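In what follows, a single structure is set out as structure tokens and then discussed.
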Amino acid sequence: GENVEQHPSTLSVQEGDSAVIKCTYSDSASNYFPWYKQELGKGPQLIIDIRSNVGEKKDQRIAVTLNKTAKHFSLHITETQPEDSAVYFCAAKSPGTYKYIFGTGTRLKVLA
Amino acid sequence: KAGVTQTPRYLIKTRGQQVTLSCSPISGHRSVSWYQQTPGQGLQFLFEYFSETQRNKGNFPGRFSGRQFSNSRSEMNVSTLELGDSALYLCASSYGFEYEQYFGPGTRLTVT
């Protein structure tokens with residue numbers, strides 16, 4: 001069945017360092033890949049997304065890359081700050097459906 | 001623009017009872033999806049509604065049901081509650097298939 005694997009499950013970095021979270025999807029029809037940040041007690045917040053016709057997208061300190069051949073996509077956060085500490089989820093969606101398949105989440109800790 | 005709102009935010013019920021959760025999407029959004037989030041299973045898709053019609057359903061028992069009203073507000077109902085139904089229930093809204101999905105803060109349901 002459809003599946004999204006996400007690694008690592010936890011990640012600790014020093015403030016100012018970069019963080020990378022990787023996801024692999026199984027459904028080759030998937031064409032939309034959002035990333036969500038979830039802080040304690042809150043719902044997931046959309047932080048960046050990428051569509052299958054694009055290989056890379058950047059928004060200030062955050063970037064996402066997509067390798068359709070390998071069915072991999074990654075989130076890159078540069079110059080991390082303590083407020084980046086949260087759980088990050090990747091997801092994949094196929095065209096013509098609202099059904100998102102989520103990864104299992106990565107707990108990012110940015111150490112001051 | 002107001003975000004997705006969910007009521008109530010917290011709920012405590014006992015086994016065997018039923019519960020109704022409410023979601024108001026972002027103004028103009030016609031799609032509402034529901035997810036269950038638990039530490040063990042992560043974010044799992046329950047169902048999705050568009051223009052009062054259920055278009056997709058996840059792999060949950062029939063005790064989980066929902067509906068959408070003409071103003072796009074949605075409710076989900078869980079009957080005969082079980083301890084394992086304790087979770088954060090998230091609602092998300094979108095304009096349509098090819099648009100971003102935004103989450104509400106969730107309803108924390110505890111079944112005792």
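The values are calculated or read from the model by the stated rules, or taken from the named source; none is laboratory data. This one's a predicted model, so the numbers in the text were calculated from it and none came from an experiment. As a convention, Cβ positions derive from the backbone with ideal geometry for all residues, glycine included, and neighbour counts pool all protein chains shown.
Just one of the listed residues (A:THR10, A:THR106) is more than 11 Å from chain B (Cβ to nearest Cβ), among the β-branched types (Val, Ile, Thr), surrounded by 19 or more Cβ atoms within 10 Å (Cβ to Cβ) and under 20 Å from B:PRO39 (Cα atoms), and it is A:THR106. Across segment A:70-97, the qualifying residues are those that are part of a strand (DSSP E or B) and hydroxyl-bearing (Ser, Thr, Tyr), and the one among them that is farthest from B:ALA92 (Cα to Cα) is A:SER74.
Hey, does segment A:23-33 have a residue that's closer than 11 Å to A:THR106 by Cβ and touching a strand residue (DSSP E or B) at 6+ places or on another chain (Cβ under 9 Å)? Reasoning before the result, please.
As a first pass, look at segment A:23-33 and keep what is closer than 11 Å to A:THR106 by Cβ: A:23.
This time we only want the ones that are touching a strand residue (DSSP E or B) at 6+ places or on another chain (Cβ under 9 Å), so: A:23.
Within segment A:23-33, one or more residues are closer than 11 Å to A:THR106 by Cβ and touching a strand residue (DSSP E or B) at 6+ places or on another chain (Cβ under 9 Å).
Summed over segment B:66-112, residues that are of a type in the set (Asp, Glu) and within 9 Å of chain A (Cβ to nearest Cβ) total 2.
Within segment B:67-86, count every residue that is in contact with a Leu (Cβ under 7 Å, 6 or more places away or on another chain) and either of a type in the set (Lys, Arg) or within 18 Å of B:GLU48 (Cβ to Cβ) (or both). Of the residues in segment B:67-86, 2 are in contact with a Leu (Cβ under 7 Å, 6 or more places away or on another chain) and either of a type in the set (Lys, Arg) or within 18 Å of B:GLU48 (Cβ to Cβ) (or both).
Taking (1) under 24 Å from B:GLN36 (Cα atoms); (2) away from chain B (no Cβ under 11 Å); (3) without any contact (Cβ under 8 Å) to a residue 24 or more places away in the chain in turn, A:LEU46 satisfies each apart from (2). The C-beta contact set for segment B:41-57 (first residue farther than 16 Å from B:TYR89 by Cα and more than 10 Å from chain A (Cβ to nearest Cβ), second residue among the hydrophobic types (A, V, I, L, M, F, W, C) and assigned to a loop (DSSP other than H, G, I, E, B), distance under 8 angstrom, 6+ apart or interchain) comprises B:GLU52/B:PHE69.
List every residue pair whose Cβ atoms sit under 9 Å apart, with the two residues 6 or more apart in sequence or on different chains, where the first one lies in segment A:76-100 and is more than 12 Å from every other protein chain (Cβ to nearest Cβ) and the second, anywhere, is part of a helix (DSSP H, G or I) and not small (Gly, Ala, Ser). Within 9 Å, the pairs are A:ILE77/A:ASP84.
Here's a check for you: in segment B:83-99, which residue that is part of a loop (DSSP other than H, G, I, E, B) and closer than 13 Å to B:GLY28 by Cα is modelled with the highest pLDDT? Walk me through it before giving the result.
Quick first cut of segment B:83-99, residues part of a loop (DSSP other than H, G, I, E, B) only: B:86, B:95-99.
Those left that are additionally closer than 13 Å to B:GLY28 by Cα: B:95-96, B:99.
On the way: B:TYR95: 91, B:GLY96: 81, B:TYR99: 83.
Across segment B:83-99, the extreme among qualifying residues is B:TYR95.
So for segment A:49-69 (the condition being surrounded by 20 or more Cβ atoms within 10 Å (Cβ to Cβ) and either part of a loop (DSSP other than H, G, I, E, B) or in contact (Cβ under 8 Å) with a residue 40 or more places away in the chain (or both)), does at least one residue qualify? Scanning segment A:49-69, I find no residue that is surrounded by 20 or more Cβ atoms within 10 Å (Cβ to Cβ) and either part of a loop (DSSP other than H, G, I, E, B) or in contact (Cβ under 8 Å) with a residue 40 or more places away in the chain (or both), so the answer is no.
Taking the conditions exactly as written (under 19 Å from B:GLY106 (Cα atoms) and in a loop (DSSP other than H, G, I, E, B)), does A:LYS37 satisfy them or not? So A:LYS37 does not fit the description; no.
Listed here are the strands (runs of 3 or more DSSP E) enclosed by segment B:1-68 that have at least 2 residues being hydrophobic (A, V, I, L, M, F, W, C) and surrounded by 15 or more Cβ atoms within 10 Å (Cβ to Cβ): B:19-24, B:31-38, B:42-50.
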